[in-house]
Amino acid sequence: MNDAAASPPYAGLTPDTILDAVESLGFLADGRQLALNSYENRVYQVGLEEGHGGAPGDAPFLVAKFYRPGRWTDEQILEEHDFARELAEREIPVVPALAIGGSTLHHHAGFRFAVFPRRGGRAPELEDPVTLEWLGRFIGRIHAVGATRAFAHRPALDVESFGRASRDWLLAHGFIPADLREAWAGAAALAIEGAERAFERAGGVARIRLHGDCHAGNVLWTPGGPHFVDFDDARSGPAVQDLWMLLSGDRASMSAQLRHVLAGYEDFAEFDDRELALVEALRTLRLLHYSAWLARRWDDPAFPLAFPWFNTQKYWQDRVLELKEQVAAMQEPPLVPAR
């Protein structure tokens, strides 16, 4: 059913391996470890001895991120790091990887990893207009930098990779129950066609460097405002990809939220209104990609434990209905900001 690897991707990533990796960079770990909420990669908060990574008198920590084997090339990871560093140098609140020994990407015991300063914060209150405008301003600043040049190695967000490739992989690997295969495949085909038409209607919108996964979970809010974390999904695409995931609720609610986000965004970057025709198309592509992502990772023991509802009969029944709803949503007029 699945192309299971000979061993799980993180089978050798033991607590001792994590500490040894951190100490290989010259830090002195004190033994404290806390696994953070991450499934694609493995991310840990690691405690350091005083004077070995934090301010004197503090209990210093850093965050160690171990990249999933085989997902990105070294060049793609380093390009992500360079983008975050470029943003940080422009005083945009992101959390870039620490450069140690002249590099931000390191190797230990067969794993590739990076270390980051620990940054606290809470989820932003997306129902607050002030918060939405603040987020819009910083995303506008990110995009102003992202538009200055293109990625050389990181992929683009498009219908082919997120839509068609996801659909084809799921069908080829037997994840769709036999009695739902025809219904799901038909709904997926209509959804992909709808997404393609949306991109055709939008025309030649610009493709810029993006955060790529700019939802509330990747924004940490502090009294001083937001900072953006986890650029692991950074790729090229339309600017609206980094905006639509901040919107929720019914159409009227999203329209009001969009007004506040764009009010901040357009202080720093021009927004092409044609991209509003892509909101539901991008949502559709994300839904297809998410199902394929779960399926592709099913050989990782962490996934069946964290997502026990995946690959059940009900899961796929719900996906058929969801895709049909998205086909209808893509036929509606584009979302517009409230006046």
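The table that follows gives values for the structure above.
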item: Contact order relative to length of the chain, as percent, for alpha carbon pairs under 8 angstrom and 6 or more apart; result: 20 percent
item: Largest-first principal axis extents of the Cα set of region 229-339 (Å); result: 46, 32, 20
item: Which of S24, P60, Y39, positive extreme of dipole for region 15-117 (C-beta unit charges); result: Y39
item: Share of pairwise Cα separations in region 129-329, more than 32 Å, in percent; result: 20 percent
item: Cα-derived Rg to Rh of the chain, Kirkwood definition; result: 0.97
item: Length added when fully stretched, R181-R32, from 0.36 nm per residue minus Cα-Cα; result: 48.9 nm
item: Over region 64-143, equivalent-ellipsoid semi-axes from the Cα gyration tensor in Å; result: 29, 14, 12
item: Residue list for region 303-339, given a label point 7 angstrom along the Cα-to-Cβ vector of A256 and an amide N cut-off under 13 Å; result: 338-339
item: Net charge, L262 excluded, C-beta distance under 15 Å - Lys, Arg +1, Asp, Glu -1; result: -3
item: Overall form of region 205-271 per C-alpha gyration tensor (a/c, 1.5; a/b vs b/c); result: rounded
item: Loop trypsin sites (Lys or Arg not before Pro), region 23-116 (other Cβ atoms within 10 Å of the site Cβ: 16 or fewer; DSSP); result: R71, R90
item: Cβ-Cβ FRET estimate between R90 and A156, R0 fixed at 25 Å, reported to 0.05; result: 0.60
item: Region 204-310: chymotrypsin sites (Phe, Trp or Tyr not before Pro) falling in loop per DSSP and having at most 12 other Cβ within 10 Å; result: W309
item: CD proxy at 222 nm, helix term only [per DSSP H run n ≥ 4: -39500 (n - 2.57); per residue of the chain; nearest 500]; result: -12500 deg cm²/dmol
item: Charge sum, other residues only, whose C-beta stays under 12 Å from D213's C-beta, Lys/Arg counted +1 and Asp/Glu -1; result: -4
item: Dipole-positive endmost among H81, P129, G203 within region 75-207 (Cβ charges, Cα centre); result: H81
item: Linear extension gain, W293 paired with E270, 0.36 nm per residue minus alpha-carbon span; result: 5.0 nm
item: Charge tally in the Cβ shell below 15 Å around G186, where Lys, Arg are +1 and Asp, Glu are -1, G186 excluded; result: -1
item: Listed residues A172, A185, A292, most fluctuating in the chain (Gaussian network, C-alpha, under 10 Å); result: A172
item: Projected-area average for region 139-193 over all orientations - Cα convex hull basis, square nanometres; result: 5.7 nm²
item: Volume per residue of the C-alpha convex hull in region 15-117, rounded to whole Å³; result: 110 Å³
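Readers should treat all values here as calculations from the given coordinates under stated rules, not as data from a laboratory. Nothing here was measured: the structure is a model prediction, and the numbers come from that model. Methodologically, a virtual Cβ is constructed for each residue, glycine included, from the backbone with ideal geometry; neighbour enumeration extends over all protein chains shown.
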